[in-house]
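First up is the structure itself, then whatever we jot down about it.
The values are calculated or read from the model by the stated rules, or taken from the named source; none is laboratory data. Quantities reported herein were computed from a predicted structural model and do not represent experimental measurements. With ideal geometry, Cβ positions are generated from the backbone for all residues, glycine too; neighbour counts draw on all protein chains shown. Remember, those area values only see protein heavy atoms, side chains included, never the ligands or the DNA or RNA. Shrake-Rupley method; radii C 1.70, N 1.55, O 1.52, S 1.80 Å.
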Amino acid sequence: MGKIKRIGVLTSGGDAPGMNAAVRAVVRTALDCGIECIGIRRGWQGLITGDFVRLDGNSVGHILSRGGTILYTARSEEFMTEKGQQKAVSTCKMLGLDGIVAIGGDGTFRGALALSRLGIPVVGVPATIDNDVGCTNYTIGFDTACNTAIECIDRLRDTMQSHERCSVVEVMGRNAGFLALYVGIAVGATAVLVPEKPLDFQKDVVERIQDSRLAGNTHFMIVVAEGVGSAVDIGKQIKESVGIDPRVTVLGHIQRGGSPNARDRETATRMGYAAVRAFAEGRGNVIICTQEGWVVETPIEEALEKKKHLQMDRYKIMEAMQLGGSISSFDD
Ligand code: F6P
């Protein structure tokens with residue numbers, strides 16, 4: 001890789017709180033290293049269409065605390081095709097981009113791998129509320145999204161407690177249960193359903209509600225990861241099997257918005273910094289990861305092969321919190 005003079009930065013896939021903090025860190029670090037930075041808008045699609053904006057130090061002022069992404073984001077089907085990728089390469093050549101920092105999740109990094117194979121160096125920065133990127137312990141946005149979900153569920157708890165009801169809450173996470181399990185532990189859920197664990201409705205839901213009732217509880221919180229299926233269906237099954245009438249809430253995109261918390265701002269800044277330092281020091285085609293709190297680099301190809309498994313010990317911890325037969329079904 002020759003000397004890097006100008007890079008592009010883009011955000012792609014589902015947005016995540018802290019993406020702006022990462023963009024800011026990329027731009028400011030690039031300037032610090034004498035590298036020019038161009039913002040590519042609307043993710044990989046913007047690289048195809050040449051949708052760019054010049055970024056200087058001031059243009060990323062006051063975005064550290066803002067949710068969403070000032071660069072916009074998209075899920076580009078065209079970029080999945082060879083023709084789309086060739087157009088993106090042409091844009092890089094036209095704009096004189098020596099490399100791209102791509103901020104997003106697994107889908108974004110599959111795009112990064114394709115582009116790198118066509119000769120454009122890419123450095124990836126993991127940002128998704130799902131925390132489902134195999135090579136990294138942590139993805140930007142997860143902690144804020146968990147806190148948003150917890151705040152919403154705490155509110156639901158108030159009304160469920162007053163009415164002595166059962167709440168079924170669906171949280172995001174795509175095909176993974178990281179968000180659901182983390183949130184479920186944090187709210188003291190009666191049950192947490194995750195896609196990683198085959199559902200035994202009688203044992204995982206019915207008996208947990210019954211045990212909780214026998215322990216004296218009169219309200220129940222069932223957290224369902226979207227990867228398990230519809231919370232509405234789970235609610236109907238509870239009504240049929242337990243004879244109570246649950247209220248179902250799908251938290252949806254509310255979990256993706258909001259100002260990033262301290263962890264996400266700080267991690268995004270360290271990752272954005274590391275991404276540009278990699279380029280400045282002649283290393284491309286890596287994903288910036290966190291491992292045991294440290295920021296490290298993993299080659300893209302290797303990174304995409306890594307699988308992240310849900311920590312089932314945490315699932316056991318969640319279950320153990322219920323069996324004590326506490327007075328409240330939310331072990332505050
Ligand atoms: O990957 C982030 C995520 O929010 C997932 O949790 C969810 O399944 C998906 O994106 C929703 O995507 P969209 O915003 O395109 O509906």
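Results, tabulated for the structure shown:
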read-out	value
Considering only the chain, percent of DSSP beta bridges that pair antiparallel, nearest 5	25 percent
Distance from segment 139-204 to segment 284-301 (C-alpha centre basis), Å	29 Å
Carbon/sulfur fraction of accessible area - the chain, other protein chains in place, 1.4 Å, %	49 percent
Distance violations [Cα-Cα > 20 Å] among Lys5/Lys93; Lys203/Lys307; Lys3/Lys93; Lys203/Lys236; Lys87/Lys306	Lys203/Lys307; Lys87/Lys306
Probe 1.4 Å, protein heavy atoms only - accessible area per residue of segment 145-256 in square angstrom	43 Å²
Nearest-ten-degree value, helix 106-117 long axis tilted from longest Cα axis of the chain	20 degrees
Whole-angstrom gap from segment 1-76 to segment 246-278, using each part's C-alpha centre	16 Å
Alpha-carbon Rg/Rh ratio, for segment 57-186, with Rh computed the Kirkwood way	1.10
Calculated over segment 145-256: convex hull of Cα atoms, volume per residue (Å³)	85 Å³
13 Å Cα-Cα reach of Lys316 towards aspartates and glutamates, excluding residues that sit fewer than 8 places from it in its own chain	Asp204
Proximal charge balance of Arg208 [Cβ under 12 Å; K/R count +1, D/E count -1]	-3
For the chain, the spread of Cα positions along each principal axis, largest first, Å	69, 37, 32
Angle in degrees between helix 312-323 and the longest Cα principal axis of the chain, rounded to the nearest 10	30 degrees
